[in-house]
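What follows is a single structure, written as structure tokens, with notes after it.
Nothing in this text is a laboratory measurement; each read-out follows from the coordinates by a stated rule. In this text, all values refer to a predicted model and were calculated from it rather than measured experimentally. Please note: Cβ atoms are built from the backbone with ideal geometry, for glycine as well, and neighbour counts cover all protein chains shown.
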Amino acid sequence: MLHAIDVNDFCYATRAFGAIPGPSRSSFNTWSRNLSDTLIEIRDVDFSRGDRTIFRNLSLTIERGDVTAIMGPSGTGKTTLLQLITRQLTPDRGQILVDGINVAALNQAELYRLRQRFGVLFQNGALLTDMSVFENVAFPIREHTRLPDSLIRHVVLTKLHAVGLRGAAQLMPAQLSGGMARRVALARAIAMDPDVLLYDEPFVGLDPISMGVIVKLVGQISDALDITSIVVSHDVHDVSAVADYCYVIADGGVVAAGTPAELDAESSELVNQFMHGLPDGPVGFHYDAPDYREQLFGAEKD
Amino acid sequence: MLRDIWTTLMGFLHAFGGMCLFFARLVRYTPQVVFKRFSLVVYQVYNAGALSLVVIMISGLFVGGVLGLLAYSSLERFNAEDTTGIFAGLGLVKGIGPVFTALLFAGRAGTALTSEIGLMKATDQLSAMEMMAVDPLRYVVVPRFLGGVVAMPLLTAIFTSIGLLGSHLVAVEQFGVDVGSYWQQMQNIMDIDDVYEGITKSVVFGVVASLVAVWEGYNSAPTAEGVGRATTRTVVVTSIAVLFFNYMITAIYI
């Protein structure tokens, strides 16, 4: 059973240990929900894969402490945007600023220091398959701190308790269901108490119960840990339940932005089609193709 | 036609240059990995070495046996069967031992390394490490590379020893060559340079086989087909490279 108190418990526990040194916590300590300031800014970004333009002049901001949803039809570059923010990819033009730092200008050591402030939940969990659940969650702590094993054990069990999987600590990833793997990956993502949590399609392929658990965890963890969260998803209903602010991305840029309620009332055809799951509209049912009749009978005429 | 040859040549040079730079990075990270992640290296020596022991020992026994058979049947025509030990010893220590071990290593441990790293890439495990600010080159690739480099000379020594035993069983136990002549002749003719040649080959083959295996895995396309192709390329490239370096090193020592 998942209780809000679980998350608060483990926040208290990890803070009380004063356990995890590492990246700067200055921004974290001064954060306040009433103080609206930008943590991530994407400025005039162009990005292409081969001949295909993914983003053209993309600009958006992520406010500190918010749960920001990046939504849009499949193939519009939502995951690519996450990869640009974490510099798994580099933009062709423009800047991506995290806390005022241009991520494209960092060397590897600086980039890795910045990444210690990120927690990323991959679409498939991306658990290390040769390690147990416990060792997966302990992995970043062991790599970046010199905490004694007894303290690491406390921290890991606390994180696992928060996602309801303390009892699965000794299982191997192959023994987990998809939903459980996603929750373990979430525990690992918050193991270092990051400033920013990035969720890449966290609801895909889950049964309704697992999805409900993940939705609840996204909201609770964001509130309890004061984390800035970016949720990439095309699941309008579930992401709207937790998001403070949403961007809808299509055609290489932002086509709409606002709170879930504002987007729901948006009059744009594209946003309306996306928000209400209409099968046809600006995003056509058919992929671009030559005229149907001509393609079927054109060859016969020749 | 000319354009195809040019494209292929450029592709080869591009891949070769990439592999050289990759090798330079592995060498650069090696001291750090040895001092900070020694347990990972030890585990990979076990993984690449100990788990290849059975196939190496069985192959060594049969290869040594065949060498004994061929040497005995040839030398018998000149009434020189007492020198069977020389041929078996020189053949195994200088050439057959290191080459066979490297080829078997490529088929057993090399393919395992490539597919393991390739699958880690395909399932985003390497990306996850990068996002946790852990360099997969240092955590995953270098320990596996070093494990192969360390394991190869040890496996070669075992293959050669078991091969000599197999040759002994055939020549001495089956055909009745005098046991004293078998070992004494070998000892008289072989000198330390022959052993150095074998050691040099095993070290070079260890570097080549391990480098190709981790390179192919790390650069495989993140799909099932991509990992399969990379695994096949590991065997093909390693085999050709080992035979090439075998010729070069033999020529240098002669």
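A few points about this structure:
- Less than 5 angstrom separates the built amide H of A:Gln123 from those of A:Asp200, all sequence-distant by 5 or more or on a different chain.
- Cross-link partners of A:Lys159 among aspartates and glutamates (Cα-Cα below 13 Å; sequence separation of 8 or more within a chain): A:Asp6, A:Asp9, A:Glu135, A:Asp193
- Counting neighbouring beta carbons within 10 Å and listing from fewest to most, the residues A:Lys216, B:Lys36 come out as B:Lys36, A:Lys216.
- Full extension of the chain between B:Phe35 and B:Leu119 gives 27.5 nm of extra length, using 0.36 nm per residue less the Cα-Cα distance.
- Partner lysines whose Cα lies under 26 Å from the Cα of A:Lys78, excluding those fewer than 8 positions away in the same chain, are identified as A:Lys216, B:Lys121.
- Helix-only mean residue ellipticity at 222 nm for chain B, each DSSP H run of n ≥ 4 adding -39500 (n - 2.57), per residue, nearest 500: -26500 deg cm²/dmol
- Annotation: extensible slack from A:Asn107 through A:Leu278 equals 57.1 nm (criterion: 0.36 nm per residue apart, minus Cα-Cα distance).
- Ordering B:Leu113, B:Tyr218, B:Gly64 by the projection of their Cα atoms onto the charge dipole of chain B, which places +1 on the Cβ of Lys and Arg and -1 on the Cβ of Asp and Glu, puts B:Tyr218 at the extreme positive end.
- Within segment A:144-288, antiparallel bridges make up roughly 50 percent of the DSSP beta bridges whose residues both belong there.
- Separation of the B:Cys20 and B:Ile58 label points, Cα + 7 Å toward Cβ, nm: 4.1 nm
- Reach of B:Lys94 by Cα under 12 Å, taken over aspartates and glutamates that are not fewer than 8 positions away in the same chain: B:Asp191, B:Asp193, B:Asp194, B:Glu197
- Computed magnitude of the charge dipole of the protein assembly as shown (debye, nearest 20; Cβ of K, R +1, Cβ of D, E -1): 1420 debye
- Simple label model, 7 Å out from Cα along Cβ direction - A:Gln95 to B:Leu169, nm: 7.3 nm
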